[in-house]
1. Quick check, is residue 70 more than 15 Å from the chain's Cα centre (by Cα) and under 28 Å from residue 18 (Cβ atoms)?
2. Contact list please: Cβ distance under 8 Å, first residue in the stretch 16-28 and without any contact (Cβ under 8 Å) to a residue 12 or more places away in the chain, second residue surrounded by fewer than 10 Cβ atoms within 10 Å (Cβ to Cβ), pairs at least six apart or on different chains.
3. Please find, among 70, 121, the residue that is at pLDDT 60 or above and closer than 30 Å to residue 44 by Cα.
4. Among the residues in the stretch 5-12, are any under 30 Å from residue 97 (Cα atoms) and surrounded by 10 or more Cβ atoms within 10 Å (Cβ to Cβ)?
């Protein structure tokens, strides 16, 4: 788990104004809450990147370079950052598909919805292209 650096107090997901929140429809609140969750994953992915950058900057300023242990730690931090970024990307992709399906299909069965048939055909076509 990576914790936000103490010297960065604005490294948080912005919240919706408390006076505006109750006036939003329930659906809008749900969408906003899901988007805040995705922003949280993005912010968490930036923390290990910031830590790795700090190690690299310190090594450059001192002129000592990186030890093999520091190099290994930076690689690990950057790998975790990429994984968290990928998780945020996947979550956002899922949410976009969910909203498109809901907007175009409503409560229809996934098999009778024209949008879903087009999406399935598109995925099949992409598989055959490879």
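The values are calculated or read from the model by the stated rules, or taken from the named source; none is laboratory data. Just so it is clear, the model here is predicted, and its values are computed rather than measured. Neighbour counts are summed over all protein chains in view; Cβ atoms, including those assigned to glycine, are modelled from backbone coordinates with ideal geometry.
1. The answer is no for residue 70.
2. No pair meets every condition.
3. 70
4. Within the stretch 5-12 (the criterion being under 30 Å from residue 97 (Cα atoms) and surrounded by 10 or more Cβ atoms within 10 Å (Cβ to Cβ)), the answer is yes, since at least one residue qualifies.
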